[in-house]
Amino acid sequence: MDILNNISLKPYNTFGIDVSAKSFCQFEDIDDLRSISDQQIPLQSIIILGGGSNILFTDDFPGLVARNEISGIKVIDQSSEYVWIKVGAGIIWHELVEFCVKNDFGGIENLSLIPGTTGAAPMQNIGAYGVELKEVFVELEAYNRNSTEIEIFKNEDCNFGYRESIFKTSAKNKYIITSVILRLTRKDHLLNTEYGAIRHILKDWGIESPTIRDISNVVMSIRRSKLPDPKEIGNAGSFFKNPIIDKIDYEALKLEFPGVQVYDAGPDHVKVPAGWLIDQCGWKGKRIGNIGVHKNQALVLVNYGGGKGSDLVTLAKDIQTSVSDTYGIELQPEVNIIGPGRN
């Protein structure tokens, strides 16, 4: 494993922010991780990078950026109903979805085209169109950055929540996820078509009995119609989490804003679409120099080319203030901000 110096991170973050790392390496196995530990670099001076799709650099990074390249997709067990697969943390998530759809393994087809690596998926319990990772997640292996040993985290150990896990709270920066085990269906797939757009497109396409391939194709169609391709316009997908509020607060909000949109989030809470809030505040499609808010999806901040991470942070804070002043709702970033400007 080679450690390189003064490397541009522009190719390694989907925002396309042109900053540099003092040191850079790519690791492919546990031995590589132990080699990094042998360098005795302080943990706070090391960033573990996956697909770079959920990160915003606001300045050059003065430490080591280590990119996860652990590969492999392997069936480790199966029954008449289920299959268990073990996936290297460096595998691109959508490549895993494609593998599963091709082999008729059901459960993650609604998560098609989500950017990033498999190792990043449990960190924030990725979810889309009515499905969350925790529903198929069994366990993961993680490298303890202090002891240099591998530890196993089962589903219940991860404290999964809405775009949350233990790896974003009490275990943040303490572990490096090396592999993930999922349990998927082999037959009688429980297809989730609850989101209206999925049902409408299936109907438009004349599909009455959809397969997991059909669901994947529909989800990809929806995402491509709303979300810009990072290869064309720098972005990290959804910049903010959808806020969850008490139903009591929702009733008060509805009196002032009768058109407010919400989704059920349990017996006492509702989820308010952050994109709708941002759109209503007039930010959708707004451009400021080289950055802006995407014209088709207000939840996506974009870098048109040459934009700075610090400018995107300023834009995000202006949006947060606007939504807070108008609706009394605080938006929280889903993107991990590295450098000056992070909360």
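The values are calculated or read from the model by the stated rules, or taken from the named source; none is laboratory data. Model, not experiment: these values are computed from the prediction. So basically every Cβ, Gly included, is an ideal-geometry build from the backbone, and we count neighbours across all protein chains shown.
The number of residues in the stretch 154-174 that are in contact (Cβ under 8 Å) with a residue 24 or more places away in the chain and in a helix (DSSP H, G or I) comes to 3.
Inspect the stretch 56-66 for any residue being in contact (Cβ under 8 Å) with a residue 40 or more places away in the chain, surrounded by fewer than 20 Cβ atoms within 10 Å (Cβ to Cβ) and assigned by TED's automatic domain parsing to the domain that holds PHE153 and give the result as yes or no. Scanning the stretch 56-66 turns up no residue that is in contact (Cβ under 8 Å) with a residue 40 or more places away in the chain, surrounded by fewer than 20 Cβ atoms within 10 Å (Cβ to Cβ) and assigned by TED's automatic domain parsing to the domain that holds PHE153. Scanning the stretch 106-153 for residues that are hydroxyl-bearing (Ser, Thr, Tyr), buried (at least 18 other Cβ atoms within 10 Å of the Cβ), part of a loop (DSSP other than H, G, I, E, B) and at negative phi yields one hit, SER112. Considering GLU149, GLU164, the condition of being acidic (Asp, Glu) and under 25 Å from SER37 (Cα atoms) is satisfied by GLU149 alone.
Check LEU277, LEU312 and return the single one that is closer than 24 Å to LYS10 by Cβ and either touching a residue at least 24 places away in the same chain (Cβ under 8 Å) or under 20 Å from the mean Cα position of the chain (by Cα) (or both).
Values: LEU277 fails: closer than 24 Å to LYS10 by Cβ.
Answer to the selection: LEU312.
Residues in the stretch 198-217 that are assigned to a helix (DSSP H, G or I) and either under 15 Å from GLY107 (Cα atoms) or acidic (Asp, Glu) (or both): ASP204, ILE212, ARG213, ASP214, ILE215, SER216, ASN217. Please verify whether the stretch 127-142 includes one or more residues that are within 23 Å of THR211 (Cβ to Cβ) and charged (D, E, K, R). Yes: one or more hits.
Do you know which residues across the stretch 6-40 are polar (S, T, N, Q) and either within 19 Å of ILE70 (Cβ to Cβ) or at pLDDT 95 or above (or both)? Please lay out each step first, then the result.
At the first step, the residues of the stretch 6-40 found to be polar (S, T, N, Q) are 6, 8, 13-14, 20, 23, 26, 35, 37, 39-40.
Hits for the stretch 6-40 are ASN6, SER8, ASN13, THR14, SER20, SER23, GLN26, SER35, SER37, GLN39.
Looking only at residues of the stretch 321-343 that are in contact with an Asp or Glu (Cβ under 7 Å, 6 or more places away or on another chain) and in contact (Cβ under 8 Å) with a residue 12 or more places away in the chain, we find that the one that is farthest from VAL19 (Cα to Cα) is PRO340. Looking across the stretch 104-129, the residues that are over 18 Å from SER165 (Cα atoms) and among the small types (Gly, Ala, Ser) come down to GLY106, GLY107, SER112. Would it be correct to say that GLY130 is of a type in the set (Gly, Ala, Ser), more than 20 Å from LEU49 (Cβ to Cβ) and touching a His at 6+ places or on another chain (Cβ under 6 Å)? Against the criterion (of a type in the set (Gly, Ala, Ser), more than 20 Å from LEU49 (Cβ to Cβ) and touching a His at 6+ places or on another chain (Cβ under 6 Å)), GLY130 does not qualify. Test each condition in (1) touching a Gly at 6+ places or on another chain (Cβ under 9 Å); (2) surrounded by fewer than 18 Cβ atoms within 10 Å (Cβ to Cβ); (3) modelled with pLDDT of 95 or more for ILE91 and report the one that comes out false. The number of the failed condition is (2).
Tell me which residues, restricted to the stretch 13-43, are in contact with a strand residue (DSSP E or B) (Cβ under 6 Å, 6 or more places away or on another chain) and over 26 Å from ASN146 (Cα atoms). Correct list: ASN13, THR14, PHE15, GLY16, ILE17, VAL19, SER20. In this entry, ASP31 is excluded by the filter for residues that are part of a loop (DSSP other than H, G, I, E, B) and not assigned by TED's automatic domain parsing to the domain that holds PRO115. Is the stretch 175-192 home to any residue that is part of a loop (DSSP other than H, G, I, E, B), out of contact with any helix residue (DSSP H, G or I) (no Cβ under 9 Å at 6 or more places or on another chain) and surrounded by 13 or more Cβ atoms within 10 Å (Cβ to Cβ)? Scanning the stretch 175-192 turns up at least one residue that is part of a loop (DSSP other than H, G, I, E, B), out of contact with any helix residue (DSSP H, G or I) (no Cβ under 9 Å at 6 or more places or on another chain) and surrounded by 13 or more Cβ atoms within 10 Å (Cβ to Cβ). Among the residues making up the stretch 3-21, those that are surrounded by 15 or more Cβ atoms within 10 Å (Cβ to Cβ) and assigned to a strand (DSSP E or B) are ILE7, SER20, ALA21.
A count restricted to the stretch 218-242 and to residues that are under 18 Å from GLU132 (Cα atoms) and in contact with a Ser or Thr (Cβ under 8 Å, 6 or more places away or on another chain) stands at 4.
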